[in-house]
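Here's the structure we're looking at; comments come further down.
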Amino acid sequence: MTVLSPRTLAEACSAAASNPNADLLAGGTDLMVEVNSGHRRPTDVISLGAIAELREWSIGEDRITIGAGVTFAKIASGELATAAPALAMAARTVGSPQIRNAATLGGNLGTGSPAGDSLPVLAALNASVVLTSVHGQREIPLSEFCVGPKRTDRQPGELITAVRIDRLNGPQEFCKLGTRQAMVISVVSVAVVADTSSTSVRVGLGAVGPVPLRAPEAEAFAAEAINWSGQTSVDTETCRRFAELVRDAARPIDDHRSTAEYRRHATGVLAARALRRIFP
Amino acid sequence: MSDLVSYRLNVNGQDRTVADGRLGESLLYVLRERLGLAGAKNACEQGECGSCSVMVDDELVCSCLVLAASAEGRDIRTIESLAPEGELSYVQQAFVDAGAVQCGFCTPGLIVSVHDLLERQPDATDIEVREALSGNLCRCTGYGRILEAVRIAAAERLADGSESRA
Ligand SMILES: Cc1cc2nc3c(=O)[nH]c(=O)nc-3n(C[C@H](O)[C@H](O)[C@H](O)COP(=O)(O)OP(=O)(O)OC[C@H]3O[C@@H](n4cnc5c(N)ncnc54)[C@H](O)[C@@H]3O)c2cc1C
Ligand code: FES
Ligand code: FES
């Protein structure tokens, strides 16, 4: 049994290649819950916390690159929050301060839970996921990375190294519904982002499908309905129709957190709320 | 291959050896059961209650979610470091003065969180205090007196004018 703490990405890739079954450990906020409850007994662990490269980010003209090891506390404020406001709002709803100080974006993707709060925002921002191994690097769209509930396209020996998202001009909103304000797993989450440059609106949905979903019909409708050159404010009828179309894009299930019917209803409510907030 | 791991941890400025631990042990478990530091409390082991809060490299985290063997080389500070001589820190004193301690199980975690908050944000508003303490559950007090204790501690800190109070 070993705990390896590589200091560079190259070392981490070699370690993962020679031991493809080792548990990769970032903030531990998902992994250690499983270990403490006895659901997982790690034999070998590769701890990623000492790799500086994974904690970096860069904000380009059109795309933002965020290292897999960047924590939600970092995403929730500062320049990342200015560049990707909806992601910051989602980050701020993750767990508690203690959780956000440890939990990473890469870990949220690694777990790939449909309720992971970064996922709907990443979907709306056309995210791609960068995976690295000793064999090289590949970058795939989020829609190819998430293949099912808690199932991803990451291959043994591969590390998630970064996430790339669009940097947009325009307002963004993230709304999450749970049973309380803090420390709650989403029953539904909705991200709505607008891009004034391309006059488009994009919608990401969380916890209402096996993977994060988009709502193409609602997006097209909103892009048409919004008066981009003048007073960008939406009327009640536009919100109602938008909510209906977003709701139709949801594919929720019944589980211990909610019924599918309630999730579908709440998806519409959150969508209308988000649209009204970004175009008040 | 052996089932056990040995490693060193830096806790409250001291180098401590953990010999023959199981790999999956959390920092909380190791602090309490192997290093004799029982200040951090175990109530959930799921990151939900904050009673195990400690500082790791100056970040407030749940020690139950830190894999102990991965914390080698990191600066770990527990509640025990706040009052090394047995004299209460200003936050601890404020909790006593406000009557914010009933069974006391949540108290060490809250004190660590409040120290962290007031060092970063000495003038935190009421809503910011609530958000900062949202990861610390208390089943006894109803939080009113805890919020009062934070107000007292913040005022005391500002009045004292010292940035570097323990
Ligand atoms: C009390 C509590 C509240 C929570 N609240 C929320 C919430 O509100 N919203 C939410 O979305 N989540 C929440 N979570 C879940 C968790 O915090 C997040 O999913 C978090 O993003 C996980 O990140 P981590 O760095 O802690 O991952 P870890 O636990 O370290 O890892 C998670 C998984 O990802 C893999 N992994 C990690 N990094 C990489 C990498 N670079 N490459 C490949 N695989 C990797 C690991 O092997 C593991 O399988 C909560 C958890 C707790 C304990
Ligand atoms: S024991 Fe760690 S958060 Fe509850
Ligand atoms: S005083 Fe008992 S849990 Fe807080």
Report summary line: A correct Karplus calculation of ³J(HN,Hα) over the stretch A:24-36, with 6.51 cos²θ - 1.76 cosθ + 1.60, θ = phi - 60°, whole Hz and x for Gly and Pro, returns 7, 10, 9, x, x, 6, 9, 4, 6, 4, 5, 5, 4
Query raised in the report: For the stretch B:90-160, what is the charge dipole size about the Cα centre, in debye to the nearest 20, if Lys and Arg each add +1 at the Cβ and Asp and Glu each add -1 at the Cβ?
Result: 280
Query raised in the report: With labels modelled as points extended 7 Å from the Cα through the Cβ direction, what inter-label distance (nm, one decimal) is found for A:GLU144 paired with A:GLU79?
Result: 3.0
Query raised in the report: Once the convex hull of the C-alpha atoms of the stretch A:50-166 is built, how many Å³ does it hold per residue, rounded to a whole number?
Result: 100
Requested in this report: Pop the C-beta distance of A:ASP44 and A:ARG167 into the FRET formula with R0 = 35 Å and round what comes out to the nearest 0.05.
Outcome: 0.35
Report summary line: The helix B:144-160 Cα axis meets the longest alpha-carbon principal axis of chain B at an angle in degrees, between 0 and 90 and rounded to 10, of 80
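Stretched out fully, how many nm does the piece from A:GLU217 to A:SER197 gain, at 0.36 nm a residue minus the Cα gap?
Numbers: separation 20, 0.36 × 20 = 7.20 nm, distance 1.99 nm.
Taking A:GLU217 through A:SER197 to full extension adds about 5.2 nm, to one decimal.
Defining a contact as two alpha carbons under 8 Å apart and six or more residues distant in sequence, what relative contact order in percent does chain A show?
Values: 634 pairs, mean separation 44.7, N = 280.
After rounding, I find 16 percent.
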Report task. Please state, as a whole number in µm²/s, the translational diffusion coefficient that the Stokes-Einstein equation yields for the protein assembly as shown at 25 °C and 0.890 mPa s, with Rh defined as the Kirkwood radius across alpha carbon pairs. Result -> 106
Query raised in the report: A:ARG40: net charge of surrounding residues, Cβ under 15 Å, Lys/Arg +1, Asp/Glu -1, itself excluded?
Result: -3
Query raised in the report: For chain A, what is the charge dipole size about the Cα centre, in debye to the nearest 20, if Lys and Arg each add +1 at the Cβ and Asp and Glu each add -1 at the Cβ?
Result: 640
Query raised in the report: With contacts defined as alpha carbon pairs under 8 Å and 6 or more residues apart, what's the relative contact order of the stretch B:48-165 in percent?
Result: 33
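Taking the Cα centre of the stretch B:4-81 as origin and charging only Cβ (+1 Lys, Arg; -1 Asp, Glu), how large is the dipole, in debye to the nearest 20?
200
How well do other chains shield peptide B:54-65, expressed as the mean number of their Cβ atoms within 10 Å of each residue Cβ?
Working: counts 1, 1, 3, 2, 1, 7, 7, 10, 9, 1, 6, 13.
The shielding value for this peptide is 5.
Within a 10 angstrom radius of each residue's Cβ in A:96-108, how many Cβ atoms of other chains show up on average? Whole number is fine. Spell out each step's value before the answer.
Details: counts 15, 14, 21, 8, 4, 10, 8, 3, 0, 0, 0, 0, 0.
That works out to 6 on average.
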Query raised in the report: Full extension from B:VAL96 to B:GLU72: what is 0.36 nm times the residue separation minus their Cα-Cα distance, to one decimal in nm?
Result: 5.2 nm
Query - Cα→Cβ-extended label distance, 7 Å offset, between A:ILE253 and A:GLN137, nm - result: 3.5
Requested in this report: Compute the normalised compactness of the stretch A:134-263: alpha-carbon radius of gyration over 2.2 N^0.38 Å, N being the residue count.
Outcome: 1.22
Report summary line: The orientation-averaged projected area of the Cα convex hull of the stretch B:90-160, in nm², is 4.0
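Would you tally the net charge around A:ALA260, using a Cβ to Cβ cut-off of less than 10 Å, leaving A:ALA260 out, and scoring K and R as +1, D and E as -1? Each step should come with its number before you reach the end.
Values: positive: A:ARG251, A:ARG263, A:ARG264; negative: A:ASP254, A:ASP255, A:GLU261.
Residues near A:ALA260 contribute 0 overall.
Could you state, as a whole-number percent, how many of the C-alpha pairs of the stretch B:1-98 are farther apart than 15 Å? Can you show the working numbers first?
Values: 2916 of 4753 pairs.
The proportion of pairs with Cα distances above 15 Å equals 61 percent.
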Query raised in the report: Roughly how tilted is helix A:260-278, in degrees to the nearest 10 and between 0 and 90, from the longest Cα axis of chain A?
Result: 70
Query raised in the report: ³J(HN,Hα) across the stretch B:4-9 via Karplus (A = 6.51, B = -1.76, C = 1.60, θ = phi - 60°), whole Hz, x for Gly/Pro?
Result: 10, 10, 10, 7, 10, 10
Query raised in the report: Hey, with R₀ at 35 Å, roughly what FRET efficiency would A:ALA260 and A:GLU56 work out to, going by the Cβ-Cβ distance, to 0.05?
Result: 0.30
Query raised in the report: So if we plug the beta-carbon distance of B:ARG139 and A:SER37 into 1/(1 + (r/R0)^6) with R0 = 25 Å, what FRET efficiency do we get, rounded to 0.05?
Result: 0.75
Query raised in the report: To one decimal place, what orientation-averaged projected area in nm² is obtained for the convex hull of the Cα set of the stretch B:15-165?
Result: 8.9
Query raised in the report: Which whole number gives the average count of other chain Cβ atoms within 10 Å of the Cβ atoms across peptide A:31-42?
Result: 5
Query raised in the report: Between A:ARG240 and A:ARG277, what is the label-to-label distance in nm when each label sits 7 Å out along the Cα-to-Cβ direction?
Result: 2.3
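All of the numbers you see were taken from the coordinates with simple rules; none came from a lab. Predicted model only: the values in this text are computed from it and were never measured. Virtual Cβ from ideal backbone geometry, glycine too; neighbours counted across all protein chains shown.
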